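Peer 1: Quick one: the structure is below, and I'll ask about it shortly.
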Protein chains: 2
Amino acid sequence: MRLSKRGEYGLRAMIMLATSGPGGHPAVIQIREISEREKIPAKFLEQILLTLKNAGLLHSKMGVGGGYHLAKPASEISLGHIIRILDGPLAPVKCVSQMAYEPCGCPDEETCGLRLAMGDVRNSLAKILDGTSLEDVTRRVSKVRKSLKSG
Amino acid sequence: MRLSKRGEYGLRAMIMLATSGPGGHPAVIQIREISEREKIPAKFLEQILLTLKNAGLLHSKMGVGGGYHLAKPASEISLGHIIRILDGPLAPVKCVSQMAYEPCGCPDEETCGLRLAMGDVRNSLAKILDGTSLEDVTRRVSKVRKSLKSG
DNA sequence: TTAAAAGTCTATTAGTACTATAGACTTTAT
DNA sequence: ATAAAGTCTATAGTACTAATAGACTTTTAA
C-alpha cells in the first residue's frame, strides 16, 4: 500500500507551493529551489512538475523570474487528485476502481469476498484523499506549529 | 496504492479456506484445488501458502489426504495481518509506519504536512484491515448471497 | 514395501515498473 | 546577446514482482 517516490515528491512539492504563498497569493518557485529545499533529484522533479502542469494543476512561466505556481486555489486541489495523476488509481485491486475498472476474474464479482473488502478500502482512501485539500494540509501544519510554540 | 498479486492471491486463498469450512470446522484443501478454483499459478501459490504457514496463519499436513487449513478460527485472522505478511507495512510512507518506521528526511517530522496526511491514511487502512476478520468476510459474502436470492 | 499423493525448500528467470539521468531545445527578461 | 528558467524525449540502471523449475521429504494405503 505504498506511495511511490514520484507521488511522494509530487505531494511534497505541491504542499510547498501551497504553503509558501503570502496571504493567498500563489507562490512562484523554481524547480531548483523546490529540489534543494525538499532534497528531490532536480531532473526527476522536473518531470513530475511537468506532468502536474499538463494535468492542469500547475501553471509555469519560462525565462528569467519564471517558475511554478498552483493553477487553482489550494482549497480546490485535493491530495487524491495529485496522487491519481502521478500514481494512478487509488483502488487496491482493479475490480473496485472507479477510474480504471477491470474485471478481476473471479467467478462472481457480486459475491467475491475480496472485492467487497477492497471496495471498503478504496472508498475510505477516496474519502480521506479527495476530502483533503492542500489548504487543509497547510492549515493543519500551521496549527501544529502554533501548538508546539505555546507548548 | 495497489495490492500485489502475491497479496491478492494470498487473501483469496485464505478467504476460500475460511469459507469452505463446514460448520466451524476448518476446511482442509490442497494447493492444487485452490489453484484451480481461483485460477492462481500453482507454484506461485505454493510459495505464498508456505509463507503464510511459516507466519503461523496456516497449518498443513503432508502426504495422501493432506492439505492446508487455517491455524486459528477465522474470527481471529485479520486481513491486515495477511497483507502485512505478504506485502509488508500498510503505511503509504515509511515515516508513518508502525511496523517499519524510518525517517523520511524532512527537516521537521512533527510539522511535515505530508506526514500528517499520510498518518491519517495509515490509520484508516489499519482500522479497516485489522478490524476485518476472515469471518467478517465470509459472513458478508453469505449475506449478499442471500439478498441476491430473495431479490 | 512401495507407489502415489501431498507439502517443502531453494534457486533462477522473465518481465515490468520505478527511479533517475542526459541532453538538446524553447521562451523570456534584461 | 546572454543567462535564467521551463520543455520534451529518450534511455539507463535497478529493484521488485511474478512465475517457473526441480529435487526433496512426509504420509497413507494398496
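The values are calculated or read from the model by the stated rules, or taken from the named source; none is laboratory data. Just so we're clear, the structure is a prediction, and the values are computed from it rather than from any experiment. Methodologically, a virtual Cβ is constructed for each residue, glycine included, from the backbone with ideal geometry; neighbour enumeration extends over all protein chains shown. Ligands, DNA and RNA are stripped out before the accessible areas are found, and what is left, the full protein with its side chains, is counted by its heavy atoms. Shrake-Rupley method; radii C 1.70, N 1.55, O 1.52, S 1.80 Å.
Peer 1: Determine the shielding of peptide A:52-60 by partner chains: average, over its residues, the number of Cβ atoms on other chains within 10 angstrom of each Cβ.
Peer 2: On the way: counts 0, 0, 0, 0, 0, 0, 0, 0, 0.
Mean number of neighbouring Cβ atoms from other chains: 0.
Peer 1: Is the shape of the protein assembly as shown rounded, prolate or oblate, going by the alpha carbon gyration tensor and its root eigenvalues a ≥ b ≥ c, with a/c under 1.5 for rounded and a/b larger than b/c for prolate?
Peer 2: On the way: a/c = 2.44, a/b = 2.29, b/c = 1.07.
Prolate shape, in that a/c is at least 1.5 and a/b is the bigger ratio.
Peer 1: Identify, among B:S60, B:Q30, B:V137, the residue whose Cα sits farthest towards the positive end of the charge dipole of the stretch B:1-142, taking +1 on the Cβ of Lys and Arg and -1 on the Cβ of Asp and Glu, with the dipole about the Cα centre.
Peer 2: Final value for the positive-end residue is B:Q30.
Peer 1: Separate question: Where the label is 7 Å out from Cα toward Cβ, how close does A:P73 come to the same position in every other copy, in nm, shortest first?
Peer 2: Listed shortest first, these distances are 5.4 nm.
Peer 1: Would you mind listing the distances between the A:R32 label point and the same position in each other copy? Use 7 Å along Cα-to-C-beta, nm, one decimal, shortest first.
Peer 2: Its label point is 6.7 nm from the equivalent points in the other copies.
Peer 1: Please give the net charge around A:R145, taking every other residue with its beta carbon less than 14 angstrom from that of A:R145, where Lys and Arg add +1 and Asp and Glu add -1.
Peer 2: Values: positive: A:R139, A:R140, A:K143, A:K146, A:K149, B:R115; negative: B:D108, B:E109, B:E110.
Value of the local net charge: +3.
Peer 1: Heavy-atom accessible surface, probe 1.4 Å, ligands and DNA/RNA ignored: which residues of the stretch B:1-42 lose at least 50 Å² versus the isolated chain?
Peer 2: By number: B:M1, B:L3, B:R12.
Peer 1: What aspartates and glutamates does B:K94 reach when the alpha-carbon gap must be under 18 Å and sequence neighbours fewer than 8 apart in one chain are set aside?
Peer 2: Within the straight-line cut-off, B:K94 pairs with A:E8, A:E38, A:D87, B:E102, B:D108, B:E109, B:E110, B:D120.
Peer 1: Over the protein assembly as shown, average the accessible area per residue using a 1.4 Å probe and give it in Å², no decimals.
Peer 2: 52 Å²
Peer 1: Another question, if that's okay. Given points 7 Å out from each Cα along the Cα-Cβ axis, report the B:L50 to B:K5 separation in nanometres with one decimal.
Peer 2: According to this spin-label approximation, the distance is 1.8 nm.
Peer 1: Based on Cβ point charges of +1 for Lys and Arg and -1 for Asp and Glu, what charge dipole magnitude is obtained for the protein assembly as shown about its Cα centre, in debye rounded to the nearest 20? Spell out each step's value before the answer.
Peer 2: Values: 44 positive and 30 negative charges, 7 e Å.
Value, rounded to 20: 40 debye.
Peer 1: How much FRET efficiency would the formula 1/(1 + (r/R0)^6) give for B:E109 and B:K61, where r is the Cβ-Cβ distance and R0 is 45 Å, rounded to 0.05? List each step's numbers first, then the result.
Peer 2: Details: r = 48 Å, r/R0 = 1.07.
It comes to 0.40.
Peer 1: Mind grabbing the accessible area of A:T51 for me, 1.4 Å probe, Å², rounded to tens?
Peer 2: That residue has around 60 Å² of solvent-accessible surface.
Peer 1: Using a label position 7 Å from Cα in the Cα→Cβ direction, what is the ascending list of nm distances from A:T111 to the same site in the other copies?
Peer 2: The answer, with the shortest distance listed first, is 5.7 nm.
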